[in-house]
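Notes follow once the structure below has been shown.
The values are calculated or read from the model by the stated rules, or taken from the named source; none is laboratory data. Just so we're clear, the structure is a prediction, and the values are computed from it rather than from any experiment. Glycine also receives a Cβ, built like all others from the backbone with ideal geometry; neighbour counts cover every protein chain displayed.
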Amino acid sequence: MLKSREDLTKLRDTYELSLAAETKKILVCAGTGCISSGSLEIYNRLIELLNERNIPCSIELKKESHGEAVGMKKSGCHGFCEMGPLVRIEPQGYLYTKVKLSDCEEIIEKTIKEGKHIERLAYRKGGAIYKKQEEIPFYKKQTRLVLEHCGHIDATSIKEYLGIGGYTAFEKALFDMGRDDIINEISEANLRGRGGGGFPTGRKWAQVKHQNTEQKYIVCNGDEGDPGAFMDRSIMEGDPHRMLEGMMIAGLACGAGEGYIYVRAEYPMAVSRLKTAIAQAEELGLLGDRILGTDFSFHLHINRGAGAFVCGEGSALTASIEGKRGMPRVKPPRTVEHGLFDMPTILNNVETFANVPLIITNGSGWYKGIGPEKSAGTKAFALTGNIENTGLIEVPMGTTFREVIFDVGGGMKDGGEFKAVQIGGPSGGCLTKEHLDLPLDFDSLKKAGAMIGSGGLVVMDDNTCMVEVARFFMNFTQNESCGKCVPCREGTKRMLAILERIVEGKGEDGDIELLLELADTISATALCGLGKTAAFPVVSTIKSFRLEYEAHIYEKRCPAGSCQKLKKIQIDPSLCKGCSKCSKFCPVNAISGKIKEPFVIDQTRCIKCRACISTCPFHAVKED
C-alpha cells in the first residue's frame, strides 16, 4: 500500500528498471478483434514453446531484474485489425501479421533465439516488405498519443503502466497543482470533448467546480453505440489506467470523490480490463481513501449498459446508472448542475479522459502545438468501408480526409473510385469528393453540415447506393429511438417508411420534399441530440446525391446497381438454348417459353430470387 509520494516514485522507478531489464519481449495483441482470430491460443502456445526449450519467460513484471527472460505480454489493440492476429517482437520492433498457431515454433526458433526476421509474416504492399511496425504506411502517417501504449505494454498490468511513467500526471496534479491550476491547464490546452459535441472540457470542469455542493460525481461515457466504432473500447481494453488517471485528475479538479464508468454490456473484455485496473489501483492505494497520505479520496464504480444507443446521451446515461429507464430529459438544468443522483457531474467520454494525463504531464502549450488552435490534439477514428487499410487510427486534428483515406487508409479497395465518406455515425453526414481537402476538426465539419461524432469513418466507393446508406442509418436510429418524444418516435418511422419505398422502386413524386420537411421538423423539435441529428444522413445524401434519389423515384433505377428490388433479371436470347431449366426452378412461374427457343421473364412477376441465374447451364440469365 503506497502511503506517500515518495513510495509511488520508488515503485515507479523499480518497475521502470524491471521493464528495461527485459531485453526481449513478445507482445501478442489481446484486443477483441485479434482474440476472435485466435491470438490467445498463440499467446499460450508461445509460452509453452519457451518453457519446452528452457528459455526464461516472464508473464508478469516483477520488482527484481529479469536478466535474459523473454517478457510475454497481452497487449491492447494495435489498430491494424484486418491483419490480425498481430505479434510484435522487441527490441527489433518487428510486427508479424496474420500469425497462425503453426507459426509459433518458427517465431521462437528464428526470431527469439537467432534474432532473425521472418519475411513471410511481415506486412507486404506493392512488392515492399515492411519489417518494423513504424515503417508500415498505415502507422507511419499517424500520430498516436492517446493510443501510444496500445499494443506496446501489457494491457492487464498496472506495473507496466507505472514502469512507463503511469500516474505521473496524477501525482503532479495531487501534489503540485491546485484545482484552478488543473482546470486552467485543461482550458488553455483547448481540449474539447471527443464524444462528438466538442464542448470545451475545461469550461465543463469549471462549471462543476463552482457548484456549491458537498457531493459531486465524475462519469465516463463508455457507451460507444455508433455502428462500426470501437475507439473507446480499444482504449479501455488496451490502456485502462490512462483513462482512470484522467478521471482521478477530474475528481481532484472539481472536488468529486466518486466516479462511474458506463460501459456497453457488449464490451465484456473492456469491463474485465477495467475491473482489473480498478482492483490493482485500489490494492496499491491509488484509489480509495486518503490517497498517498493526502486528504483526497476517490472511488470508482462500473455500470454496464444494456445496449441502448440513446444512453450515450448524458441525461439518459445518468438515468440508466440510477436504475431508471434510459431516457433523456428536458434541459436546462444540465448535467453540470443536476447530473447523476441530481448532483453536479462531469461527464466526458473515454478518449477525452485519456487525453488529460498527456496535458498535465506535457503542458497545454505542447498540446496546442498539435492540430488547429481551436481543435487541438489528436482524434482516434475507426476507419472502415471500401478502403485498403481498415482499423483504428489516430491523427492530429486538422488532418484532411484525403490524407486519412489515401495515405493512412491506402486508397480505395480493388481500384474503386471514391464516392463519399460517412462521418459521425447515425448522427453524422455524408461528405463527397469536394470535401476531400476539408480538415477533420470540429468547426470545419460543422460548417460542412457534418460532425465528428465519436469517430466512425465509413468510406464508400462508386458501387455504393447513397439512398440505401440513408435508409440503413435511419433504420438504426429509428430502432434506437427511446420513444419519449413524438418527433423522434414518429418522425423517424415516417422517414424510414419513405426511404424503404424508394429503394424498393415504389418512390413517388414529392417524396424528396417530404423527407426534407420531416427532417426540418425533427431537428427543430426533438428532445435530445439523437433526435435532433437523426435526419443528418438523409439531408446530406439528398444535398449531394439528389440525382440518385430521383433515379430511384422516377426511373425506378439504382445508378449504383446495388438495390436488389430495382435490378432486372433478363435472359439473353443469343445464349439461351431453350432447355427450360430456369422455368422449372422459378418459384413464382415468371419464366415462360418453348423448348429449343429463347425463354423470357415476366418482370411484373419476378421476385429477383436469382434461382434462374444459378441454374442456367449456359449463363444466359443475367442481372442488370
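For the stretch 304-320, enumerate the residues that are within 13 Å of residue 261 (Cβ to Cβ) and either surrounded by fewer than 21 Cβ atoms within 10 Å (Cβ to Cβ) or without any contact (Cβ under 8 Å) to a residue 24 or more places away in the chain (or both).
Result: 304, single match.
Only residues that are surrounded by 15 or more Cβ atoms within 10 Å (Cβ to Cβ) and assigned to a loop (DSSP other than H, G, I, E, B): list them for the stretch 584-599, please.
586, 590, 593, 598, 599
Just need a number here: residues in the stretch 243-280 that are more than 17 Å from the chain's Cα centre (by Cα), of a type in the set (A, V, I, L, M) and surrounded by fewer than 20 Cβ atoms within 10 Å (Cβ to Cβ).
Residues of the stretch 243-280 that are more than 17 Å from the chain's Cα centre (by Cα), as a first pass: 244-261, 272-280.
Now restrict to residues that are of a type in the set (A, V, I, L, M): 244, 247-250, 252-253, 256, 261, 274, 277-279.
So of that shortlist, the ones also surrounded by fewer than 20 Cβ atoms within 10 Å (Cβ to Cβ) come out as 279.
Qualifying residue count for the region: 1.
Go through the stretch 1-21 and report how many residues are of a type in the set (Lys, Arg) and without any contact (Cβ under 8 Å) to a residue 24 or more places away in the chain.
Within the stretch 1-21, residues that are of a type in the set (Lys, Arg) and without any contact (Cβ under 8 Å) to a residue 24 or more places away in the chain number 1.
Looking at residue 505 and the list (1) touching a helix residue (DSSP H, G or I) at 6+ places or on another chain (Cβ under 9 Å); (2) exposed (fewer than 14 other Cβ atoms within 10 Å of the Cβ); (3) farther than 13 Å from residue 535 by Cα, which single condition is not satisfied?
Evaluating residue 505 over (1) touching a helix residue (DSSP H, G or I) at 6+ places or on another chain (Cβ under 9 Å); (2) exposed (fewer than 14 other Cβ atoms within 10 Å of the Cβ); (3) farther than 13 Å from residue 535 by Cα leaves (2) as the failure.
Taking into account only those residues within the stretch 464-482 that are among the hydroxyl-bearing types (Ser, Thr, Tyr) and not in a helix (DSSP H, G or I), which is farthest from residue 423 (Cα to Cα)?
By that ranking, first place goes to 481.
Report, ordered by the first and then the second residue, all pairs with beta carbons closer than 9 Å, sequence separation of six or more or different chains, a first member in the stretch 567-594 that is under 28 Å from residue 555 (Cβ atoms) and in contact (Cβ under 8 Å) with a residue 40 or more places away in the chain, and a second member that is β-branched (Val, Ile, Thr) and exposed (fewer than 13 other Cβ atoms within 10 Å of the Cβ).
Matching pairs, first to second residue: none at all.
Of a type in the set (A, V, I, L, M) and touching a strand residue (DSSP E or B) at 6+ places or on another chain (Cβ under 9 Å): which single residue out of 183, 235 fits that description?
235
Criterion first (of a type outside the set (S, T, N, Q) and in contact (Cβ under 8 Å) with a residue 60 or more places away in the chain) does residue 40 satisfy it?
On the way: of a type outside the set (S, T, N, Q): yes; in contact (Cβ under 8 Å) with a residue 60 or more places away in the chain: no.
No.
Could you check, for the stretch 529-548, whether at least one of its residues is of a type in the set (Gly, Ala, Ser), surrounded by fewer than 21 Cβ atoms within 10 Å (Cβ to Cβ), in contact with a Cys (Cβ under 9 Å, 6 or more places away or on another chain) and not assigned by TED's automatic domain parsing to the domain that holds residue 429?
Taking every residue of the stretch 529-548 in turn, at least one turns out to be of a type in the set (Gly, Ala, Ser), surrounded by fewer than 21 Cβ atoms within 10 Å (Cβ to Cβ), in contact with a Cys (Cβ under 9 Å, 6 or more places away or on another chain) and not assigned by TED's automatic domain parsing to the domain that holds residue 429.
With the structure loaded, tell me whether residue 25 is out of contact with any helix residue (DSSP H, G or I) (no Cβ under 6 Å at 6 or more places or on another chain) and in a strand (DSSP E or B) or whether it fails that test.
So residue 25 fits the description; yes.
So in the stretch 380-414, with the set limited to residues that are among the hydroxyl-bearing types (Ser, Thr, Tyr) and surrounded by fewer than 22 Cβ atoms within 10 Å (Cβ to Cβ), which one is modelled with the lowest pLDDT?
384
Report, by residue number, each residue of the stretch 45-65 that is over 30 Å from residue 124 (Cα atoms), in contact with a strand residue (DSSP E or B) (Cβ under 8 Å, 6 or more places away or on another chain) and without any contact (Cβ under 8 Å) to a residue 40 or more places away in the chain.
Of everything in the stretch 45-65, those that are over 30 Å from residue 124 (Cα atoms), in contact with a strand residue (DSSP E or B) (Cβ under 8 Å, 6 or more places away or on another chain) and without any contact (Cβ under 8 Å) to a residue 40 or more places away in the chain turn out to be 51, 56, 57, 58, 59.
So which strands (runs of 3 or more DSSP E) stay within the stretch 66-172 end to end and still have 1 or more residues that are exposed (fewer than 15 other Cβ atoms within 10 Å of the Cβ) and without any contact (Cβ under 8 Å) to a residue 24 or more places away in the chain?
Answer list for the stretch 66-172: 123-125, 128-130.
Suppose we filter the stretch 483-539 for residues that are aliphatic (A, V, I, L, M) and in a loop (DSSP other than H, G, I, E, B); how many remain?
4
I'm told residue 576 meets every condition in (1) more than 38 Å from the chain's Cα centre (by Cα); (2) within 30 Å of residue 471 (Cα to Cα); (3) modelled with pLDDT of 95 or more except one. Can you identify the failing condition by its number?
(2)
Restricting to the stretch 289-300, and then to whatever is without any contact (Cβ under 8 Å) to a residue 60 or more places away in the chain and over 31 Å from the mean Cα position of the chain (by Cα), can you tell me which residue is farthest from residue 234 (Cα to Cα)?
Out of the qualifying residues, it is 295.
Modelled with pLDDT of 90 or more and touching a Ser or Thr at 6+ places or on another chain (Cβ under 8 Å), is that true of residue 497?
no
State whether one or more residues within the stretch 212-230 are over 17 Å from the mean Cα position of the chain (by Cα), of a type in the set (Phe, Trp, Tyr) and not assigned by TED's automatic domain parsing to the domain that holds residue 381.
yes
For the stretch 545-576, name all the residues that are touching a Leu at 6+ places or on another chain (Cβ under 8 Å) and within 16 Å of residue 516 (Cβ to Cβ). Full working, then the answer.
Of all residues in the stretch 545-576, those touching a Leu at 6+ places or on another chain (Cβ under 8 Å) come to 552, 556-559.
Matches in the stretch 545-576: 552 only.
Yes or no: the stretch 562-569 includes at least one residue that is in a helix (DSSP H, G or I) and among the hydroxyl-bearing types (Ser, Thr, Tyr).
So in the stretch 562-569, the residues in a helix (DSSP H, G or I) come out as 564-566.
Add one more test, that the residue is among the hydroxyl-bearing types (Ser, Thr, Tyr), and what stays is none.
Among the residues of the stretch 562-569, not one is in a helix (DSSP H, G or I) and among the hydroxyl-bearing types (Ser, Thr, Tyr), which makes the answer no.
Which helices (runs of 4 or more DSSP H) sit wholly inside the stretch 314-371 and have at least 1 residues that are farther than 30 Å from residue 168 by Cα and hydroxyl-bearing (Ser, Thr, Tyr)? Steps first, answer last, please.
Values: elements: 314-321, 350-362, 364-368.
Per the criteria, 314-321.
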